[in-house]
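Engineer: Input: one structure, supplied below.
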Amino acid sequence: MRVCAILFLYLVIAVFELCAQRQAENWYFGEFAGLNFAAGNPTVLLDGAMQTREGCLTVSDTAGRLLFYSDGTNVWTRRHQRMPNGTGLSGDPSSTQSGIVIPWPTRPSEYFIFTVDALENQYGRGLAYSVVNMAANGGLGDVTTRNQPLQGGTAEKLTAVRHANGVDVWLIAHDIGNNDFLVYLITRMGVNPVPSRQGVGPIVQYGDIGYLKASSVGTRLALATSVPPQLNMFRFDRSTGVISSATGISSQLAYGVEFSPN
């Protein structure tokens, strides 16, 4: 486990860019830790079953009720029990952004969990996705599809942006050993497995860690790399999925990345 991982937790809470605030109301992360934001200020949750130093995700419904959470390898129900088929996902708790949740467009009970492997595993399993059906298992959810491969050997980086049409979603990952972003379109038909491969910005080297993050309105991306240490920002076109205008922000080491609300 990398030392820096103790300091930073990647909380992919039902994809901030995609969902209403109540779907981000519960956070589970770290060493059995949790927070709830229903009252505005956070209150501590002590019932979590997850133990992770890095990547994790939590998703709630539009009323703020917990649905499930994951470290990229295991999926837990709202009762903090492992979901059926919710083990062996191809992320890794030591991956910077081991998993991200994207609701399946027009299918309110189904969610994609996209996962990326860790550098300790030579990024070997790369980018894959599983599907959770919350209508199954008495409303507690079931992982009905698991570890569908999209791209081998991708970096520990994932983010997502709502398409300009208000329905579809762009999933954005990054290859390793080059400067290629991988942009996937997710529609009501599912995941288009053929990405738009776009070479822009710095090369992401083997051994790299650090976030890839989209702004809340989805028009900017920030990319933190550790080999060499850099922070770069890009423009993102929500209509076409095109990434452009790489701009260097810093040459100091950055791991976590976040945008202000405006």
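Engineer: Any idea which of 101, 75 is open to solvent by less than 10 Å² (accessible area, probe 1.4 Å) and within 16 Å of residue 137 (Cβ to Cβ)?
Structural biologist: The match here is 75.
Engineer: Something else now. Restricting attention to segment 128-162, which residues are surrounded by 19 or more Cβ atoms within 10 Å (Cβ to Cβ) and not in a strand (DSSP E or B)?
Structural biologist: 134, 141
Engineer: Something else: Just for segment 211-250: of the residues that are of a type in the set (A, V, I, L, M), closer than 22 Å to residue 118 by Cα and at pLDDT 95 or above, which one is most open to solvent (accessible area, probe 1.4 Å)? Spell out the reasoning first.
Structural biologist: If we filter segment 211-250 for residues that are of a type in the set (A, V, I, L, M), which is where we start, we get 212, 214, 217, 221-224, 227, 231, 233, 242-243, 246, 249.
Now narrow it down to the ones that are closer than 22 Å to residue 118 by Cα: 212, 214, 221-224, 227, 231.
Then keep just the ones that are at pLDDT 95 or above; that gives 212, 214, 221-224, 231.
Values: 212: 0, 214: 3, 221: 0, 222: 8, 223: 1, 224: 0, 231: 39 Å².
Out of the qualifying residues, it is 231.
Engineer: Give the residues of segment 106-127 that are under 16 Å from residue 69 (Cα atoms) and open to solvent by 30 Å² or more (accessible area, probe 1.4 Å), sorted by residue number.
Structural biologist: 109, 110, listed by residue number.
Engineer: Quick check on my filter: what residues within segment 176-190 are open to solvent by less than 30 Å² (accessible area, probe 1.4 Å) and out of contact with any strand residue (DSSP E or B) (no Cβ under 6 Å at 6 or more places or on another chain)?
Structural biologist: The answer is 190, and nothing else.
Engineer: If you go through segment 89-102 one residue at a time, do you hit one that is modelled with pLDDT under 95, closer than 25 Å to residue 167 by Cβ and among the β-branched types (Val, Ile, Thr)?
Structural biologist: Within segment 89-102, not a single residue is modelled with pLDDT under 95, closer than 25 Å to residue 167 by Cβ and among the β-branched types (Val, Ile, Thr).
Engineer: Which condition from (1) open to solvent by less than 50 Å² (accessible area, probe 1.4 Å); (2) modelled with pLDDT of 95 or more is the one that residue 19 breaks?
Structural biologist: Condition (2) is where residue 19 drops out.
Engineer: OK, next. Residues of segment 68-107 being in a strand (DSSP E or B) and touching a helix residue (DSSP H, G or I) at 6+ places or on another chain (Cβ under 9 Å), which ones? Let's see the steps before the verdict.
Structural biologist: At the first step, the residues of segment 68-107 found to be in a strand (DSSP E or B) are 68-70, 75-77, 82, 99-103.
Result: 77, 103.
Engineer: Looking only at segment 160-169, decide whether some residue is of a type in the set (A, V, I, L, M, F, W, C) and at pLDDT below 95.
Structural biologist: Of segment 160-169, the ones of a type in the set (A, V, I, L, M, F, W, C) are 160-161, 164, 167, 169.
Filter again for at pLDDT below 95, leaving none.
No.
Engineer: How about segment 196-210: which of its residues are buried (at least 22 other Cβ atoms within 10 Å of the Cβ) and out of contact with any helix residue (DSSP H, G or I) (no Cβ under 8 Å at 6 or more places or on another chain)?
Structural biologist: Taking segment 196-210 and keeping what is buried (at least 22 other Cβ atoms within 10 Å of the Cβ), we get 201, 204, 208-210.
Residues satisfying the conditions are 201, 204, 210.
Engineer: Here's a follow-up. Under the condition of being part of a loop (DSSP other than H, G, I, E, B) and either among the basic types (Lys, Arg) or touching a Leu at 6+ places or on another chain (Cβ under 6 Å) (or both), which residue from segment 26-60 is surrounded by the most Cβ atoms within 10 Å (Cβ to Cβ)? Steps first, answer last, please.
Structural biologist: Our first condition is that a residue be part of a loop (DSSP other than H, G, I, E, B); within segment 26-60, this holds for 30, 32, 37-42, 46-50, 52-55.
From the residues that got through so far, the ones that are either among the basic types (Lys, Arg) or touching a Leu at 6+ places or on another chain (Cβ under 6 Å) (or both) too are 30, 42, 53.
Values: 30: 17, 42: 12, 53: 20.
That would be 53.
Engineer: Touching a residue at least 60 places away in the same chain (Cβ under 8 Å) and basic (Lys, Arg) - does that describe any residue in segment 191-202? Break it down into steps so the answer makes sense when it comes.
Structural biologist: Taking segment 191-202 as the starting set, the residues that turn out to be touching a residue at least 60 places away in the same chain (Cβ under 8 Å) are 191.
If we keep only those that are basic (Lys, Arg) as well, we get none.
Within segment 191-202, none of the residues are touching a residue at least 60 places away in the same chain (Cβ under 8 Å) and basic (Lys, Arg).
The values are calculated or read from the model by the stated rules, or taken from the named source; none is laboratory data. All figures in this text were calculated on a predicted structure; none of them were measured in a lab. For neighbour counting, all protein chains shown are included, and Cβ atoms are generated from backbone atoms with ideal geometry for every residue, glycine included. Note: areas computed on protein heavy atoms with side chains; ligands, DNA, RNA excluded. Shrake-Rupley method; radii C 1.70, N 1.55, O 1.52, S 1.80 Å.
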